[in-house]
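Written out below as structure tokens is the structure these notes cover.
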Amino acid sequence: MEWYGQQVVLITGCSRGGIGHSLARAFADEDCLVVATSRSLSAMADLENDSRFFLQELDVQSEENVQHVLSQVLEKYGRVDVLVNNAGVLCVGPLAEVPLTQLKNTFNTNLYGTMRLIQAVVPHMMSRRKGKIVNVGSVTALSPGPWAGAYTASKAALHSLTDTLRLELRPFGIDVINVVPGAIRSNIGNSALASYNQMPQWKLYKGFEAAIHDRANFSQGSKSTPTDEFAMKTVAAILKKNPPAWFSSGHYSTIMAIMYHLPIFIRDFVMKRAMKC
């Protein structure tokens, strides 16, 4: 069945309490048909009885799973107008001691997971010469600091790929948008702490343990931007006829943009103070 007049939006990482969940609601409020995905349907249970949402279990690390979900979406709606690559994990720990399995998992979700979705969806968008791809990066990539190097590196790589994709897909009528959140109030802090608790005891960095632990929840301060507020502004930007190539919003987004242009010795000084290293 063909759906006319409404845009079909596929979003990854829509567990309740996160940015993806708020983005899903914000797109639905703008009369879009939203394919909300998460590794567990139960994490999106509150969307279950709302006809604006088509819920799918999706593990972005699985090529087979990605293809299955896309086939389900194309069978139901016939197209994907907007792909929002939001699924991501935070990895906290000093790079000299972070287990390589954790490093690989971070990149497999944040970077390769995004590319799996893009490579699956792009042929369909190209055939229609129309579509939008939204990659959710992070302001941390603008001024990398200590204790979250794996996460920051994965997001910096994603920013770079997004810049390339924007140029490569433009001839086919596909817009590529880099969404760069600041500190947004979400469940990422709790997820990061749960992941951090699985890390080994630090040996080389035992004296920095408190500072490293605090980094897991750094973005969840009292001044963090509410998720719904961020989602509303972001969706408005994405749905523009000519969307911006770069959209950054939220607490710390301005200061991090300034930090990006500062001399390295000043950036290092600020980060050393902020992250206690």
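The values are calculated or read from the model by the stated rules, or taken from the named source; none is laboratory data. Note that the structure is a prediction, hence the values are computed from the model and not measured. Cβ placement follows ideal geometry from the backbone for every residue including glycine, while neighbour counts extend to all protein chains displayed.
Among the numbered criteria (1) within 16 Å of Val73 (Cα to Cα); (2) polar (S, T, N, Q); (3) touching a strand residue (DSSP E or B) at 6+ places or on another chain (Cβ under 6 Å), which one does Ser51 miss?
Only one criterion in (1) within 16 Å of Val73 (Cα to Cα); (2) polar (S, T, N, Q); (3) touching a strand residue (DSSP E or B) at 6+ places or on another chain (Cβ under 6 Å) is unmet by Ser51, namely (3).
Return the only residue of Ala96, Ala36, Ala43, Ala26 being of a type outside the set (Lys, Arg) and in contact with a Ser or Thr (Cβ under 6 Å, 6 or more places away or on another chain).
On inspection, the qualifying residue turns out to be Ala43.
Could you say whether any residue in the stretch 128-136 is out of contact with any strand residue (DSSP E or B) (no Cβ under 6 Å at 6 or more places or on another chain) and within 22 Å of Val235 (Cβ to Cβ)?
yes
Considering only the stretch 2-48, state which residues are touching a residue at least 12 places away in the same chain (Cβ under 8 Å), surrounded by fewer than 21 Cβ atoms within 10 Å (Cβ to Cβ), touching a strand residue (DSSP E or B) at 6+ places or on another chain (Cβ under 8 Å) and more than 25 Å from Val180 (Cα to Cα).
Hits for the stretch 2-48 are Trp3, Gln6, Ser40, Leu41.
Which pairs have Cβ atoms under 9 Å, sit 6 or more apart or on different chains, and link a residue in the stretch 256-277 that is within 15 Å of Pro146 (Cα to Cα) to one that is among the acidic types (Asp, Glu)?
Short answer, once both residue conditions are applied: Met275/Asp214; Lys276/Asp214.
Mind checking which residues of the stretch 137-171 are in contact (Cβ under 8 Å) with a residue 24 or more places away in the chain, touching a helix residue (DSSP H, G or I) at 6+ places or on another chain (Cβ under 7 Å) and of a type in the set (Val, Ile, Thr)?
Residues satisfying the conditions are Val139, Thr140.
Let me spell it out: the conditions are (1) surrounded by fewer than 23 Cβ atoms within 10 Å (Cβ to Cβ); (2) at pLDDT 95 or above; (3) in a helix (DSSP H, G or I), and Lys203 meets all of them except one. Which number is the exception?
With (1) surrounded by fewer than 23 Cβ atoms within 10 Å (Cβ to Cβ); (2) at pLDDT 95 or above; (3) in a helix (DSSP H, G or I) applied to Lys203, the lone miss is (3).
Here's a check for you: in the stretch 206-216, which residue that is hydrophobic (A, V, I, L, M, F, W, C) and surrounded by 15 or more Cβ atoms within 10 Å (Cβ to Cβ) is farthest from Asn110 (Cα to Cα)?
Within the stretch 206-216, the match that is farthest from Asn110 (Cα to Cα) is Phe208.
Check Ser219 against each of (1) farther than 19 Å from His21 by Cβ; (2) part of a helix (DSSP H, G or I); (3) at pLDDT below 95 and name the one condition it does not meet.
Ser219 satisfies all of (1) farther than 19 Å from His21 by Cβ; (2) part of a helix (DSSP H, G or I); (3) at pLDDT below 95 except (1).
Of Val66, Val80, Val73, which residue is touching a residue at least 40 places away in the same chain (Cβ under 8 Å), assigned to a loop (DSSP other than H, G, I, E, B) and surrounded by 19 or more Cβ atoms within 10 Å (Cβ to Cβ)?
Val80
Modelled with pLDDT of 85 or more, under 16 Å from the mean Cα position of the chain (by Cα), crowded, with 19+ Cβ neighbours inside 10 Å and not in a loop (DSSP other than H, G, I, E, B) - does that describe any residue in the stretch 184-200?
yes
Of all residues in the stretch 100-144 being over 30 Å from Phe218 (Cβ atoms) and assigned to a strand (DSSP E or B), which is nearest to the chain's Cα centre (by Cα)?
The selected residue is Lys132.
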